[in-house]
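Chemist: I have a structure here, written as C-alpha cells, and I will follow up with some questions on it.
What follows draws every value from the coordinates through simple rules; no lab data is involved. Quick caveat: nothing in here was measured; it's all calculated off a predicted structure. We place every Cβ from the backbone using ideal geometry, glycine too, and count neighbours over all the protein chains shown.
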Amino acid sequence: MRILTRAVLICALVLAAPRVHAEDAPYPAGRSSQTIDGLSVELGIPEKLSKERPASLAVILHGAGGSATGMAAALRDWVPENYVVCAPKSKGDIWSASDVASVKRVIAHLRRVLPIDATKTHVLGFSNGGWNLPTLAFDDGVRPASATWVASGCRGATPPKWAKAGLGVLALAGTKDANAVSAQETVSLLRDKVRNVEARFESGLGHEWPSKLMPYLRWWMGAQEGRFVPGDDMNLAWGASIESAVANLKSVKKGGIVVYAFHADDKDKPHAKVLQNEVLMNGLARHYGSQLQAVKLDQAEHAEALAALGVTETPALVVLKKDGKPKTLLMGAKKLKLRKVVGALKSLAVNKKKPE
C-alpha cells in the first residue's frame, strides 16, 4: 500500500511539474545542428557566452539549392569574436514567404534563450537568400543593425523610418557576377534612406561567395553595432608611411595626404569612436578621402613624426599637401566633426564633385 501510495505521489509530482520547452534550454557551445520552428538550423555558439557578455547575432540565408552548413562555414570565424551564427535551411530549394517568416521566429527564439544583445543583430543573404532579405532587414521586430546582400541586391522594398538612423547596408558581389548590377543599384536605391550604404566587389569573381571581402565584412559589421578598437579602421586604404605617400605623389600635379593619428587610450574617448564608425564611414568623407594618399600612424610608435605635424593629442587627422607639408590639422571633438573633416579632405581632392 505504501509502495502504491508513493508511486502515485511520484506520478502526481511528475505530472504537476512544469514542462521544459526548448526555449528554456540554451544550445551547446560550438557547432550544432538544431530544428527550430520546423527549420533545420546550423548554429555556432561562442564558448564563453554569458549574461555579463551578451553576444551579437548573425543570421544568414543561403542561395538557391544551397546549404545551411555552407553558410555557417562562411561565417565560422565570427564565432570566436562573440557572434552567435545562425544559418537556417529553407524547406525547399529556395526561400518561400513562410520559410522567411519562420526565420523571424527563429531569431526571436534565439534572443529569448541565449544571452544575445538584440540591438546587435545582423542579417545576410546570398543570392536567392539576398532577394528574400528585405523581409528580415526591414522588419520592425528584427530591427537589425546591419543587412548584407551577397551576390544579389535590394530591390522593390522600402525601408522603415528607423532604418535611416539605425541600419547599415552593404552589398557584395564579384565583378563578373550578373547580379553585380543589382548590388550597385542597392546604393542608389537606399541612399539617404538608411544609416549608410555601400557596394564592394571582388575582382574577377563570378556568382560565388566573395571570400576576399570577408575581412572587410567582419570589420564593417562590428562598426555597425558599435565595436571600436582605436586604429582598427578600414574606411580608407591606409598606408604606414608619410614618406611613401609623398613618393607616390611625385608624378602627379594634384593630390594630397591624410594622416590619421591614433593611440590605444582613444578607446575611452567617445569622439574617437564616432570618428571611425561614423565620420570616416560617411559617403562624402570616403569619396574625398579615397582620392588622397591615406596614412595611419600609432602615436605610441610615431610620437616624434606626429609632433612635427602639430599633433599633441589623439585622435587627430592631418591633411598634407603633396610635398608632405601640413595644410589642415583637426584635433579634439569639436574639430573632428563631419563637416570639418569633409571640408579638409575635399580641399586637396582632385575631383571635388559630390558622388552621384
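Chemist: Give me Trp162, Trp131 sorted ascending by neighbouring Cβ count inside 10 Å, so fewest comes first.
Modeler: Trp162, Trp131
Chemist: Among Glu47, Glu301, Glu81, determine the one that fluctuates most according to a GNM of the chain built with springs between C-alpha atoms less than 10 Å apart.
Modeler: Result: Glu301 has the largest fluctuation of those listed.
Chemist: On to the next question. Beyond 25 Å, what share of the Cα-Cα pairs of segment 31-132 is found? Please give it as a whole percent.
Modeler: Tail of the P(r) past 25 Å holds 12 percent of the pairs.
Chemist: Could you list log10 I(q)/I(0) for the chain at q = 0.06, 0.12 Å⁻¹, which the Debye formula gives when each Cα is one point scatterer?
Modeler: Summing over Cα pairs of the chain leads to -0.28, -0.92.
Chemist: Just how large is the dipole of segment 203-356 about the Cα centre, in debye to the nearest 20, putting +1 at every Lys and Arg Cβ and -1 at every Asp and Glu Cβ?
Modeler: For segment 203-356, the charge dipole is close to 980 debye.
Chemist: On a full-extension model of 0.36 nm per residue, what is the gain between Arg155 and Ala178, subtracting their alpha-carbon distance, rounded to one decimal in nm?
Modeler: Additional length available on full extension: 6.8 nm.
Chemist: Using only the Cα atoms of segment 66-120, construct the convex hull and provide its projected area averaged over every direction, in square nanometres to one decimal.
Modeler: Average projection, Cα convex hull of segment 66-120: 4.2 nm².
Chemist: Still on this model: Which Cα, out of Val311, Thr328, Ala264, lies furthest along the positive dipole direction of segment 242-346 (beta carbon charges, K/R +1, D/E -1)?
Modeler: Thr328
Chemist: Give the lysines whose C-alpha is closer than 29 Å to that of Lys51, dropping any in the same chain fewer than 8 places away, or say none.
Modeler: Candidates past the 8-residue exclusion: Lys89, Lys104, Lys120, Lys267, Lys269, Lys273.
Chemist: Further question: I'd like the Kirkwood hydrodynamic radius of segment 315-356, using the inverse of the mean 1/r over distinct C-alpha pairs, in Å.
Modeler: 11.0 Å
Chemist: From the P(r) of segment 143-289, can you give the percent of Cα pairs sitting at distances over 25 Å?
Modeler: 37 percent
Chemist: Moving to a separate point now. Simple spin-label model, 7 Å along Cα-to-Cβ: Ser96 to Asn248 in nm?
Modeler: Spacing of the two 7 Å Cα→Cβ label points: 5.3 nm.
Chemist: Mind pulling the angle between the C-alpha long axis of helix 97-113 and the longest principal axis of the chain? Nearest 10 degrees, somewhere in 0 to 90.
Modeler: 90 degrees
Chemist: Could I ask something else about it? In degrees from 0 to 90, rounded to the nearest 10, what is the angle of the helix 180-190 Cα long axis to the longest principal axis of the chain?
Modeler: Compared with the principal axis, the helix lies near 90 degrees.
Chemist: Binned at 10 Å from 0, what are the whole-percent values of the Cα-Cα distance distribution for segment 173-229, short to long?
Modeler: Cα pair-distance distribution for segment 173-229, in percent: 23, 43, 31, 3.
Chemist: Also, I was wondering about something else. Given bins 10 angstrom wide, list per bin the percent of all Cα-Cα distances in segment 240-324, short to long.
Modeler: 17, 48, 31, 4, 0
Chemist: Please rank Ile94, Ile36, fewest neighbouring Cβ atoms within 10 Å first, as an exposure proxy.
Modeler: With the fewest neighbours first, Ile94, Ile36 line up as Ile94, Ile36.
Chemist: Could you list log10 I(q)/I(0) for segment 22-225 at q = 0.18 Å⁻¹, which the Debye formula gives when each Cα is one point scatterer?
Modeler: Cα-only, vacuum Debye calculation for segment 22-225: -1.27.
Chemist: Taking the Cα-to-Cβ direction at Ser211 and at Arg105 and moving 7 Å from each Cα, how far apart do the two end points lie in nm?
Modeler: If labels sit at Ser211 and Arg105, their model points lie 3.7 nm apart.
Chemist: To continue, here is another question. When Lys212, Lys296 are ordered from fewest to most other Cβ atoms inside 10 Å of their Cβ, what list results?
Modeler: Ascending number of Cβ neighbours within 10 Å: Lys212, Lys296.
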